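Encoded as structure tokens, the structure appears first; notes follow it.
Read-outs throughout are calculated quantities, based only on the coordinates presented, and are distinct from any laboratory measurement. These figures come from a predicted structure and were not determined experimentally. Ideal geometry is used to build each Cβ from the backbone, glycine not excepted, and the neighbour counts take in all protein chains shown.
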Protein chains: 2
Amino acid sequence: MHIDELATPAALIEDARLARNIARMQSRMDELGVRFRPHVKTSKCVEVARRQLAAGARGITVSTLKEAEQFFQAGFEDILYAVSLAPQKVAPALDLRRRGCELQLVVDSMAAARALTELALKDPVPEPVPVLIEVDVDGHRGGVAPGSALLLDIGRHLHEQGLALRGVMAHAGSSYDQRTPTQLQDIAEQERAQAVQAAGRLREAGLPCPVVSIGSTPTALSAGQLPGVTEVRAGVYVFFDLVMAGVGVCSDEDIALSVLTTVIGHQVERGWVLVDAGWMAMSRDRGTQAQPVDQGYGLVCGLDGRLLDGFLMHAANQEHGIVARRDGQAPIDIEQRFPVGSKLRVLPNHACATGAQHADYAWVDGPEVRALWPRFGGW
Amino acid sequence: MHIDELATPAALIEDARLARNIARMQSRMDELGVRFRPHVKTSKCVEVARRQLAAGARGITVSTLKEAEQFFQAGFEDILYAVSLAPQKVAPALDLRRRGCELQLVVDSMAAARALTELALKDPVPEPVPVLIEVDVDGHRGGVAPGSALLLDIGRHLHEQGLALRGVMAHAGSSYDQRTPTQLQDIAEQERAQAVQAAGRLREAGLPCPVVSIGSTPTALSAGQLPGVTEVRAGVYVFFDLVMAGVGVCSDEDIALSVLTTVIGHQVERGWVLVDAGWMAMSRDRGTQAQPVDQGYGLVCGLDGRLLDGFLMHAANQEHGIVARRDGQAPIDIEQRFPVGSKLRVLPNHACATGAQHADYAWVDGPEVRALWPRFGGW
């Protein structure tokens, strides 16, 4: 099928870019001597994750039990559920383990740890449940402080109750707010050092800690060395996006995900091209709004994937996008240059959010659609 | 089932509020003496639309052919596809008509009108295809100017080529940016007057124009009188949301859609409650950011649906929400007040965007879940 035959809007994955992004991260991880466990929350697509594993990744990271379930059904067994476990999710998580999934869990409070140990003791699974403790390395979200008494309390509780304490997990999400290589190296080192510090404290207390798992796309690509780290996780690198380009860890030409759209009208005097991809197709993510260069709802390319210099998706309604020049000029030839029925491609602010708006990806090699890859959503 | 048994995150529709919102709009339309054609892009849910029709609505409005297809399969026949038709969508639209769907189409350019008439002539359907011309009444999106020659050119072309020119359609989307009752009345009158002007010009030119269709939730609820208007459309009123509350056309207590979430942790010193609804469950919509009161990712309620004064979802990652006080204070009892495993409900910025993140709605009456209502997505 030719790309032009796809109904629009449609999410496209450009094969060459996908392959390059996967190879780049894996070779970086190989150089650093760490295990790489990609986060599949970005794609939620079995075909994409298979390519990550084929390149050398070992195991996957998920953000929901639905992801764990779907990937387990597709043959993936080594899965880290990297969100602190709600008590109500203990039973379905243990059920996945009972069915053979090597699911690892994460907690960052005594309440969650107790909910887990209580059910694991009451309704035992064949092997001790492997658990990581989430460590807060940058104050951006959850996790216990690496120097806290709570870290050791949780570790002791899990260990003494017979669970398999595996170690610590950290995610320096604030790396998304950095702008320079030096800042990125600093936050990568901060993520590493604090996770390693937490691991050291567990070991000094006589507790097992074989795993030190860290990562985010910006820190994974910026770390100079990773002594003490055993595993790195990253997700969005597989597609990259305009936010990552704004952070400086990729270029616009690395972005593998785009939204194919059809021109449906014009407002000639305003210089607007109306297209059939609105925020439903792009997502409401305006992640570049807080960056030095605001890319609107996305940068606009021709059907061949080449950027159209100066054009972005300036605004979006649910099923209407407004493409215009960044400088607000109204080119007189806009109806001729972008005729009704012609197609454009839009690079997204945030690949995780844009992907989530679509039920499948068209996997494309230049103008040829090689396959439709299903992706799933929900919880 | 009790609401507390639902897996989280989950989208809830509060029955009493849904019924009140539907009745309020329908009685307003009845008073104004116009036909009401609700926009089902907000709910994409057959059960919700059935209630709108049962209250007196006649026909529905859709934003995608997928919506037309899904609602037609569910027994809805009178459907207005209110987005200017892309040439590639003419064939599937005509196919729907051939199968018995009374689908009405919209164009706002000669290119779209020609694409439609060419295919309709080449591959005729049993009855002339009914078409509305989109009129631009506030410069916010598509449509032809009500005083333009283009309006008459499109009308003549459609009429002379044997299509059923039905009239004009307008949507004053800029009503979302208004803040005072006077501003809202003004934009409502502007929407009405310009649509009626366009209709008058078509009729003066000897062209048929039985339908004058206008509407948005803010203008529909603010119009004083609607002389010359035959039909009003509105969508988000069915659930309402924080953006509509900020515009001033509903109160927080009218918002029928909320997201149920479970507390998964705390950052006590920062006063943060971490919950399992992140932006994937809330959407990335930050529509109140541009309003005088920024509601973050949503206002927080207890499980009973009552607002917790001063708390909002301050930030969101993909599967983590951070609930905190608006004033930044860190209450010392946050772990006791919001224990791990307890549930909260979050009112969304934008119901259309939040609903779209979910595969179904739990239709609730107080603490009781009466049914799970499927909703669909995609194109």
Quick calc, the range B:250-374, dipole around Cα centre from Cβ unit charges on Lys, Arg (+) and Asp, Glu (-), nearest 20 debye, gives 200 debye
Here the percent of antiparallel bridges among DSSP beta bridges lying wholly in the protein assembly as shown, to the nearest 5, is 55 percent
Long-range alpha-carbon pairs in the range B:39-159, meaning those over 19 Å apart, account in percent for 49 percent
A chain fully extended from B:ARG98 to B:ALA371 at 0.36 nm per residue, minus the present Cα-Cα distance, gains in nm 94.8 nm
Computed from the beta carbon distance with a Förster radius of 41 Å, FRET efficiency for A:GLN225 and B:GLU269 to the nearest 0.05 stands at 0.85
Counting every C-alpha pair in chain B, the percent lying more than 41 Å apart is 18 percent
Here the equivalent ellipsoid of the protein assembly as shown, derived from its Cα gyration tensor, has semi-axes (largest first, whole Å) of 47, 29, 22
Zone reached by a paramagnetic label modelled 7 Å from B:GLU5 Cα along Cα→Cβ, restricted to the range B:345-379 with backbone N below 19 Å, covers B:360-374
With +1 on the Cβ of every Lys and Arg and -1 on the Cβ of every Asp and Glu, the dipole magnitude of the range A:1-89 about its Cα centre, in debye rounded to the nearest 20, is 380 debye
Calculated from DSSP helices alone, with each H run of at least 4 adding -39500 (n - 2.57) and the total divided by the residues of chain A, [θ]222 nm to the nearest 500 comes to -9000 deg cm²/dmol
The range B:15-236, Kirkwood Rh and Cα Rg, ratio Rg/Rh at 0.96
If R0 = 35 Å, then A:GLN336 and A:VAL293, at their Cβ-Cβ distance, give a FRET efficiency to the nearest 0.05 of 0.75
Check: C-alpha center the range A:295-335 vs C-alpha center the range A:143-218, spacing in Å is 43 Å
Answer in debye to the nearest 20: the dipole magnitude of chain B about its Cα centre, from +1 Lys/Arg and -1 Asp/Glu charges placed on Cβ, is 640 debye
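What number, in nm² with one decimal, is the all-direction average of the projected area of the convex hull of the alpha-carbon atoms of the range B:265-353? Intermediate results must be reported in sequence, preceding the final value.
On the way: hull surface 22.0 nm².
The orientation-averaged projected area of the Cα hull of the range B:265-353 comes to 5.5 nm².
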at A:GLY366 the sorted inter-copy label distances (label 7 Å from Cα on Cβ side), in nanometres, are 6.7
Full extension between B:ARG58 and B:THR180 adds, at 0.36 nm per residue less the Cα distance, a length in nm of 40.9 nm
Distance in nm between A:ASP252 and B:ALA359 label points, each 7 Å along Cα→Cβ, equals 3.7 nm
Here the longest stretch of chain A that holds no trypsin sites (Lys or Arg not before Pro) in a DSSP loop having at most 13 other beta carbon atoms within 10 Å is A:180-305
